[in-house]
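Have a look at the structure below before the remarks.
Throughout, read-outs are computed from the coordinates displayed, never taken from laboratory work. The structure presented is a predicted model; accordingly, all values stated were derived computationally and were not measured. Here Cβ is always computed from backbone atoms with ideal geometry, including for glycine, and neighbour counts include all displayed protein chains.
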Amino acid sequence: MRKKIELEYPFSSSVKVLFSRLSTAPGLAEWFADDVRQRDGKFIFIWNGVEHPAELVETKSNQYARFQWDEREEEDEYFEMGIRVEPLTEDVALLITDFSDPEDEADAVGFWDKQIEILHRNLGA
């Protein structure tokens, strides 16, 4: 059984700007994959020339975007990128939910750490 991974990354960015990088093909192409295209209602994530289609299954403006890979191993798996704003301090955090085989968890976390570092750099946050 695959393991649910939940990660949190602090950001110094406006929610609106951050959300645009999580929910649009051009925004995701800036940091998440080598390229991202939208075709026939699908997001096509491209790494090393290989296409990985996913469907945007749920979104709430300025809060989260949830995707499901077409090639997922289990029907209820997804990856989600959400935004949390602390009410008192207004600190912004990016919340990642993903699934991984237990033996691949470190690689999955390393992947997200690397991609979020790129996003931080691109946003200057």
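Note on M81, M1: ascending count of other Cβ atoms within 10 Å places them as M1, M81, the fewest first. Given +1 at the Cβ of Lys and Arg, -1 at the Cβ of Asp and Glu and no other charges, the dipole of the stretch 25-67 around its Cα centre is 160 debye to the nearest 20. When you filter the trypsin sites (Lys or Arg not before Pro) in the stretch 37-118 for DSSP loop state and at most 13 other Cβ atoms inside 10 Å of their Cβ, nothing is left. Taking other Cβ atoms within 10 Å as a rough exposure proxy, W112, W47 sort from fewest to most as W47, W112. Positive end of the dipole of the chain, charges at C-beta (+1 Lys, Arg; -1 Asp, Glu), about the Cα centre: which of S100, P53, V85 has its Cα farthest in that direction? Result: V85. Stretched out straight at 0.36 nm per residue, the stretch from E90 to S12 would grow longer than its current Cα-Cα span by 27.1 nm. Cross-link partners of K16 among lysines, defined as those whose alpha carbon lies under 28 angstrom from its own and excluding same-chain residues fewer than eight positions apart: K4, K42, K60, K114. Here the stretch 60-125 is assigned +1 on the Cβ of each Lys and Arg and -1 on the Cβ of each Asp and Glu. Its dipole about the Cα centre then comes out at about 680 debye.
I'd like the GluC sites (Glu not before Pro) in the stretch 14-114 restricted to DSSP loop residues with at most 12 other Cβ atoms within 10 Å, sorted by number. Working shown, then result.
Values: sites: E30, E51, E55, E58, E71, E73, E74, E75, E77, E80, E90, E103, E105; in loops: E30, E71, E73, E74, E75, E77, E90.
Within the stretch 14-114, the qualifying GluC sites (Glu not before Pro) (loop, at most 12 other Cβ atoms within 10 Å) are E71, E73, E74, E75, E90.
What FRET efficiency comes out for R121 versus D70 if R0 is 41 angstrom and r is the Cβ-Cβ distance? Round to the nearest 0.05.
Values: r = 30 Å, r/R0 = 0.72.
Working from the Cβ atoms, E equals 0.85.
Centre-to-centre separation between the Cα atoms of the stretch 84-123 and those of the stretch 1-16: 4 Å.
Counting Lys and Arg as +1 and Asp and Glu as -1, each charge on the Cβ, what is the dipole of the chain about the Cα centre in debye, to the nearest 20? Present the calculation step by step, with values, prior to reporting the outcome.
Details: 14 positive and 28 negative charges, 147 e Å.
With only Lys, Arg, Asp and Glu charged at Cβ, the dipole is about 700 debye.
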